[in-house]
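The numbers here are math on the coordinates, done by the rules we state, and not lab data. Given the structure is predicted, the values throughout are model-derived calculations rather than measurements. Cβ placement follows ideal geometry from the backbone for every residue including glycine, while neighbour counts extend to all protein chains displayed.
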Amino acid sequence: MRRGLFITFEGAEGSGKTTQFRMLIDGARAAGHTVVETAEPGGTPIGRQIRKILLDPSNQELSATTEILLYFAARAQNVDELVNPTLARGEIVVSDRWTDSSWAYQGVGRKLGVALVEQLDLIACRGLTPDLTIYLDIDLETGLRRARSRNLETQLNESRLDDETMEFHTTVRNAYLELVKRYPARFGVVDASGAKEQISKEIWGLVIGFIEERK
Ligand code: TYD
């Protein structure tokens, strides 16, 4: 029996997703909740090795099929090693991205089809779906500008997807908006263009509302 709460964060590059992820976790811990954080791709030592292959801009030959299988391979490891055991202890797991990213980037963006994403999700996650997904929505120009300046600052060699065309990123955003329409009960949509503190407050309201509702 699963007792914990599984929250995921989604959004484009430069939506401030990772900052908001951090702020929510710190706030929830300060409020006395036990929270385990994770990320996709990554989250486990094996997942982080897979992440390197996925995000290295020199891996230009990586085919779309290999790419999606690697994202789900990292996720399957995360489910077994971290997410399911944590939920079984009744704790909260917060993940920076999950299957919705594969839906938007690979299923729709790379045109592999959402049916394939659903099949792979069944294999990798075996019925585990997020209870609540925070989607940070941002217009493309603002998001990409923020993401590119961050890549230059951090010098992390992780720009393979950020380097995609505007058309690709437009498709990805539209895919997210479609997901929100499909699963309105699971998604909390937040406008990511405003001030950091305001966005964080809004997310806190959504999460606390959800926790209260489940009591
Ligand atoms: P992430 O580490 O969240 O970086 P960012 O802060 O740029 O959002 O995600 C890394 C990249 O991987 C990002 O461009 C989105 C992409 N991605 C997919 O294409 N499919 C997936 O299933 C996941 C989890 C991420």
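With the dipole of the chain worked out from charges on the C-beta (+1 for Lys and Arg, -1 for Asp and Glu) around the Cα centre, which of Ala104, Ala39, Ala28 lies farthest toward the positive end?
Looking along the dipole axis, the top candidate is Ala28.
Show me 172-180, 57-65 ranked by packing, highest mean number of other Cβ atoms within 10 Å first.
Descending packing order for the listed peptides: 172-180, 57-65.
Need one number: nm distance between label points at Phe210 and Thr142, each 7 Å from Cα along Cα→Cβ, rounded to one decimal.
Taking the simple label geometry, Phe210 and Thr142 are separated by 2.2 nm.
Determine, for the chain, the count of lysine pairs separated by eight or more sequence positions (or lying on different chains) whose alpha-carbon distance falls under 28 Å.
Count of close lysine pairs: 12.
Indicate the gyration tensor shape class of the stretch 47-162 (rounded, prolate or oblate), computed on the Cα atoms with a ≥ b ≥ c the square roots of the eigenvalues: a/c under 1.5 is rounded; otherwise a/b larger than b/c is prolate and the rest oblate. Please list the in-between numbers first.
Values: a/c = 1.59, a/b = 1.38, b/c = 1.15.
Taking the square roots of the gyration eigenvalues as a ≥ b ≥ c, the stretch 47-162 is prolate.
Can you put Phe9, Phe21 in order of Cβ neighbours within 10 angstrom, beginning with the fewest?
Phe21, Phe9
Tell me, what is the percent relative contact order of the chain, built from C-alpha pairs under 8 Å that lie six or more residues apart?
Numbers: 313 pairs, mean separation 67.4, N = 215.
Here the relative contact order equals 31 percent.
May I ask you to derive the FRET efficiency for Arg48 and Glu91 from their Cβ-Cβ distance with R0 = 30 Å, giving the value to the nearest 0.05?
Using R0 = 30 Å, I get an efficiency of 0.90.
Charges on Cβ only, +1 for Lys and Arg, -1 for Asp and Glu, centred on the Cα centroid of the stretch 1-155; of Asn78, Ser149, Val114, which one is farthest towards the dipole's positive end?
Farthest towards the positive pole: Asn78.
Say each of Ala31 and Thr19 gets a label point 7 Å from the Cα, pointing the same way as Cα to Cβ; how far apart are those two points in nm?
2.1
What list of ³J(HN,Hα) couplings, whole Hz, do you get for the stretch 189-196 from phi and the Karplus terms 6.51, -1.76, 1.60, once you set θ to phi - 60° and write x for glycine and proline?
9, 10, 6, 8, 8, x, 6, 3
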